[in-house]
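Report on the following structure.
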Amino acid sequence: MLKVDLHCHSNVSDGVLAPGAVAAYARKGGVDAWALTDHDEVGGIKLARAAAGEQGMRFVPGVEISVTWANQTIHVVGLQIDEDNPDLLAGLVKTRSGRDARGREIAAQLEEAGIPDAWEGALKFVGNPDLLSRTHFARYLVECGKCATTTEVFKRFLTEGKPGYVPHRWASLPEAMGWIRSAGGIPVIAHPGRYKFTQTGEDALFDEFRQLGGNAIEVVTGSHTPDQYATYAEVARRYGFLASRGTDFHAPGEARVEFDALPPLPSSVTPVWHDWF
Ligand code: AMP
Ligand code: MN
Ligand code: MN
Ligand code: MN
């Protein structure tokens, strides 16, 4: 069976490996078909495509767009996008543009909590203030010895109610889906099990997504527990959604599930790639 991984990050967003190194690492983990899906940025796609070719992997160009829906942040992955599409590129620029100011506010809060120089420290990991992510702040807090792991960082900092949490308004769901569609891509709700919706709220998200023409969700992802694989396979069946699979890889050793350990999709669902390979 073809091993397909359609959710990964490189150092173009908040991963640590360059796109070519992610391709090599995925291949070593047995991946046959691979997508790079950096947050709000497609600048790694061309390198990734070339590297996937060298590794003998099929390649799917992707992106993971930050969206605000019902006052919560959700992520929508776009697969099979044309990374040169002007609508998509303009939408991503707009989405990223708030990251610089948010990063400065995060740093100001951390400074008040006794952690100086976090903006510079976080920026070292990505270079571009418009791509500054909480992950980069988390890496800095580990580097400067404030926390032992990034998991500890997200328990003590950067999340709601903790120092360094700055609420932010990202793209709307119709906008993000529109940009993905303009670029010829397929929108996929990323890791639905990670959001803190009530059952009614979650159903409302899937209903609106479907009304907007959406028909795929992630089922098996490094961001789900094994119980959630079953839960969202059932959701996919109930809504008639196609199912996606991916590690959500960011860095070697940092992944909840490595490339070779992520289980296949349950046989009850239809893979989003059913007519691609
Ligand atoms: P941002 O888009 O800047 O708000 O950052 C979101 C990123 O932070 C996600 O894509 C994850 O990579 C990371 N992240 C968020 N929550 C956690 C967590 N609890 N543990 C580890 N990483 C997290
Ligand atoms: Mn991330
Ligand atoms: Mn995500
Ligand atoms: Mn991701």
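For residues in the stretch 36-85 being charged (D, E, K, R) and open to solvent by 10 Å² or more (accessible area, probe 1.4 Å), which is farthest from ligand 1 (Cβ to nearest atom)? Working first, answer last.
Taking the stretch 36-85 and keeping what is charged (D, E, K, R), we get 38, 40-41, 46, 49, 54, 58, 64, 82-84.
Retained after the next criterion (residues that are open to solvent by 10 Å² or more (accessible area, probe 1.4 Å)): 41, 46, 49, 54, 58, 82-84.
Numbers: Glu41: 11, Lys46: 22, Arg49: 22, Glu54: 27, Arg58: 25, Asp82: 24, Glu83: 20, Asp84: 24 Å.
Here the answer is Glu54.
Residue count for the stretch 198-228 under the criterion of being open to solvent by 30 Å² or more (accessible area, probe 1.4 Å), more than 24 Å from Ile81 (Cα to Cα) and away from ligand 1 (no atom under 16 Å from the Cβ): the result is 7. Among the residues making up the stretch 218-240, those that are in contact with a helix residue (DSSP H, G or I) (Cβ under 9 Å, 6 or more places away or on another chain), closer than 18 Å to Val4 by Cα and assigned to a loop (DSSP other than H, G, I, E, B) are Ser223, His224. Reported count of residues in the stretch 244-277, each being under 22 Å from His39 (Cβ atoms) and open to solvent by less than 30 Å² (accessible area, probe 1.4 Å), is 12. With respect to the conditions (1) over 24 Å from Asp248 (Cβ atoms); (2) touching a residue at least 12 places away in the same chain (Cβ under 8 Å); (3) over 18 Å from the mean Cα position of the chain (by Cα), Asp84 falls short on a single one, namely (2).
In this structure, is Ala35 more than 13 Å from ligand 4 (Cβ to nearest atom), at pLDDT 95 or above and not in a loop (DSSP other than H, G, I, E, B)?
Details: more than 13 Å from ligand 4 (Cβ to nearest atom): no; at pLDDT 95 or above: yes; not in a loop (DSSP other than H, G, I, E, B): yes.
So Ala35 does not fit the description; no.
In the set Thr149, Thr200, Thr221, which member is within 16 Å of ligand 3 (Cβ to nearest atom) and not basic (Lys, Arg)? Give the derivation first.
Values: Thr149 fails: within 16 Å of ligand 3 (Cβ to nearest atom); Thr200 fails: within 16 Å of ligand 3 (Cβ to nearest atom).
Testing whether each residue is within 16 Å of ligand 3 (Cβ to nearest atom) and not basic (Lys, Arg) leaves just Thr221.
Filtered by the rule that a residue be in contact with a helix residue (DSSP H, G or I) (Cβ under 6 Å, 6 or more places away or on another chain), of a type outside the set (Phe, Trp, Tyr) and without any contact (Cβ under 8 Å) to a residue 40 or more places away in the chain, the stretch 128-141 gives Pro129, Asp130, Leu132, Ala138, Leu141.
Being more than 21 Å from Gln199 (Cβ to Cβ) and either without any contact (Cβ under 8 Å) to a residue 24 or more places away in the chain or assigned by TED's automatic domain parsing to the domain that holds Arg210 (or both): is that true of Leu265 here?
Working: more than 21 Å from Gln199 (Cβ to Cβ): yes; either without any contact (Cβ under 8 Å) to a residue 24 or more places away in the chain or assigned by TED's automatic domain parsing to the domain that holds Arg210 (or both): no.
Answer is no for this residue.
The values are calculated or read from the model by the stated rules, or taken from the named source; none is laboratory data. Model, not experiment: these values are computed from the prediction. Here the Cβ is made from the backbone with ideal geometry for all residues, glycine too, and neighbour counts use every protein chain on show. Accessible surface is based on the protein model in full, side chains and every heavy atom, while ligands, DNA and RNA are left aside. Shrake-Rupley method; radii C 1.70, N 1.55, O 1.52, S 1.80 Å.
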